[in-house]
1. Would segment 210-305 count as rounded, prolate or oblate if I go by the C-alpha gyration tensor, calling it rounded below 1.5 in a/c and otherwise prolate when a/b exceeds b/c, oblate otherwise?
2. What distance in nm separates the two pseudo spin-label positions at Ala196 and Lys260, each 7 Å out from Cα along the beta-carbon direction?
3. On a full-extension model of 0.36 nm per residue, what is the gain between Asp222 and Ser208, subtracting their alpha-carbon distance, rounded to one decimal in nm?
4. Among Leu197, Leu310, Ala285, which residue has its Cα furthest toward the positive end of the charge dipole of segment 186-316, with +1 on Lys/Arg Cβ and -1 on Asp/Glu Cβ?
5. Under 13 Å from the Cβ of Ala101, count the other residues' Cβ atoms, weight Lys and Arg +1, Asp and Glu -1, and hand me the total.
6. Find the centroid of the Cα atoms in segment 215-282 and in segment 48-63, then give the distance between the two in whole Å.
7. So which lysines can Lys299 reach, going by Cα to Cα under 22 Å and dropping same-chain residues fewer than 8 places off?
8. Would you mind pulling out the separation of the Cα centroids of segment 108-160 and segment 175-194, in Å?
Amino acid sequence: MPAITELWLDRKYVTDYERHDGFMDQAERLRKMVSEQTTPRRISRVITVTSGKGGVGKSNISVNLAIALSRLGNRVIIFDADFGLANVEVMLGIRPGYNLADLMFKGKSLSDIITVGPENIGFISGGSGIQELTNLTRDQIIYLIQKLVELDEKADIIIIDTGAGISDSVMEFIAASTEVLLVATPEPTSLTDAYALLKALNRRTDISVQDMVIKMVANRVDSQEEGKELYNKLNLVVSKFLDIKLDFLGAVIKDDCVSKAVMKQKPAIILYPNSQFAKSVSAFADVLCNNKQENQPEKKGIAQLFTNLLRSRIKK
C-alpha cells in the first residue's frame, strides 16, 4: 500500500505529513487526526455487544436490535467483529461480497464492503481483517481510520458484534468502546463468565472504566423478575469488588420463535413481530434512543473507537 501523505485539514490538504515524523508520538498524531483534522459533520453512536461466553444469544440481540433501532428512524450498520464465525450473516440471510480486509488491502471502497440488509440496515463483515489488525503498518492504520471517518457520516448508530469470551481481540474492542451491552443468561457459567469479562476489563490500566457505560441484558429468562434477579446477582459482586458501574437494560423472556427464525435465516423481529422477544428488543431500542436516559455516553464515533483500538499498535 502506498504511503499516505495527504490529510484533510480545514478543507486544505497537508502534503508534508512525513516531515514531522520524529517530533510527534505516532499514537498522539493519530488521535489528533481523528479529533481535529478529520472531524466529520456527523459522528455515529457506537454500541458494542458482547458476552462472557458463547451461545447466550449475543448475535441475535445485535441483529434484531439493529432492526428495531432502524424502525425508529436511525441509519444503522452492524459491524461483525467476531472473526472466524458468520453468525450475523447467517441470521440476516445474506452473504457479503467483501469484508474489512478487502477495504484495507484490495482497494475496495467503504460502499463496496457495506451489504444492505433487511429494513435498510447495513452490514459489514470484519472477516480476516479483524485478525490482520495486529499486523497493520502505520500508513495502513491511517488509511483505515480515514475510511472509518466516512463510515461515521453514513450511520447514526453502529452496532459492533464482538466475539464471546475474554480473548485479546474481544477485550481490545470492549476496552476501546464507551457503550457496551453485556448479554448473559441464567446459566451459572454465563454469569461467572460475564463477571470474568468485567474483571478483566477492570484490570486494564490503559482505560478508565468509569468513563464507560455498561448495560446488562438478561437473555432467555422465564420472567422479567428472573431477569432483574440475574442482574442483581451480578451487580452485587461487581459493585463490591470492581470499579465498574453496571446498569440494567432489561430482560428477554425465552421464546422458541428465536431459534425458528435462525433456522429460516430471518430476524425474529421481522418474522414474529408480536412475539415476546420482538417486544423486548423493541423496548431496548426505545430506551437507548431516549435522550433523557441517565448516564448517556458521549458519541465519539467508529473512527475514534478504532483509533483507541489501534493506539498501542502503531509501528514506529
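Read-outs: derived from the displayed coordinates by stated rules, not from any lab. These numbers were taken from a predicted model, which means no experiment stands behind them. Backbone-built Cβ (ideal geometry, glycine too); neighbour counts: all protein chains shown.
1. Verdict is oblate for segment 210-305.
2. Taking the simple label geometry, Ala196 and Lys260 are separated by 3.5 nm.
3. Values: separation 14, 0.36 × 14 = 5.04 nm, distance 3.51 nm.
Fully extending the segment from Asp222 to Ser208 adds 1.5 nm.
4. Selected residue: Leu310.
5. On the way: positive: Lys106, Lys108, Lys147; negative: Asp80, Asp102, Asp112, Glu132.
Once all neighbours under 13 Å are counted, the net charge is -1.
6. 10 Å
7. Leaving aside lysines fewer than 8 places away in the same chain, those within reach of Lys299 are Lys32, Lys147, Lys154, Lys215, Lys245.
8. 25 Å
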